[in-house]
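Just below is one structure, and these are the notes that go with it.
Each reported figure results from applying straightforward, stated rules to the coordinates on display, with no laboratory input. Everything numeric here is computed off the predicted structure, so don't read it as measured data. Methodologically, a virtual Cβ is constructed for each residue, glycine included, from the backbone with ideal geometry; neighbour enumeration extends over all protein chains shown.
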Amino acid sequence: MMAKLNVNKMRVNQKGQMIVLDVLFALALIIFAFLLIFKISEVEIYTSVSQRKIEQLNRVGDLAYLSLKNNTEYGCFVSDTQNKFFLPGTMKDNVNITKSSLSIPADYNCSLSISGISFTTNECNSVVPTSGDIYAIDFNITNCSTDLTKQAYLTCIKSGICPGITEESGTLKIWRAN
């Protein structure tokens with residue numbers, strides 16, 4: 001009778017060991033599942049933050065571009081004896097370019113170059129980084145040496161002869177300062 005008890009004890013121990021191994025295997029799978037969920041969450045959070053920064057950079061860049069093309073401080077005017085009208089998409093020579101006039105926040109840097117147009121001052125003359133997110137846009141802008149009379153403007157539109165007016169190309173780049 002004593003031998004049967006030992007055999008039964010061995011079976012109980014073997015079954016107990018199998019249950020313990022099953023529990024350990026299940027715990028290992030649960031821990032692995034939590035680690036996997038945490039890693040996926042981390043990647044999603046990083047992607048979300050990166051997308052938000054890129055969207056913000058694009059908004060700053062779009063606003064700066066629109067401010068450059070539609071700024072009455074830089075642009076040319078058409079005038080007659082009574083009225084004066086702003087011409088969007090134009091720029092005079094020897095203007096002062098400031099980050100605030102382009103609506104660029106202090107924590108961003110910029111680089112602006114326009115062929116054929118000289119600036120008195122240009123706050124957008126930072127060196128463009130070689131890596132990182134950069135908003136860049138190439139554009140054309142009309143350069144006029146002086147404001148136009150209504151007659152000169154109408155002649156320019158009708159005949160295409162536009163003395164003192166040239167089409168210039170430029171590049172605006174904006175990035176977050178470190």
Inset, instruction - Hey, can you grab everything whose amide H is under 5 Å from the amide H of D93? Only 5+ residues off in sequence or another chain; H modelled, so Pro and N-termini drop out. - result: C144
Inset, instruction - Could you pull out every one of the aspartates and glutamates with an alpha carbon less than 17 Å from that of K99, ignoring same-chain neighbours closer than 8 positions? - result: D62, E73, D107, E123
Legend entry - Length-normalised contact order for the chain - Cα pairs under 8 Å, 6+ apart - percent: 22
Legend entry - Amide proton proximity set for N122, modelled H, under 5 Å, gap of 5+: I97
Inset, instruction - On a 0 to 90° scale, report how tilted helix 150-159 is relative to the longest principal axis of the chain, with both axes built from alpha carbons and the result rounded to the nearest 10. - result: 70
Legend entry - Simple label model, 7 Å out from Cα along Cβ direction - T81 to D133, nm: 5.6
Legend entry - Entries of K92/K173; K69/K173; K69/K150; K150/K173; K84/K158 with Cα pairs more than 25 Å apart: K150/K173
Legend entry - Principal-axis tilt of helix 2-69 within the chain, Cα atoms, nearest 10 degrees: 0
Inset, instruction - List every residue whose amide H lies under 5 Å from the amide H of Y74, counting only residues 5 or more places away in sequence or on a different chain, with H placed 1.01 Å from N in the peptide plane. - result: none
Inset, instruction - Find the percent of Cα-Cα distances in region 23-178 that exceed 24 Å, and round it to a whole number. - result: 50
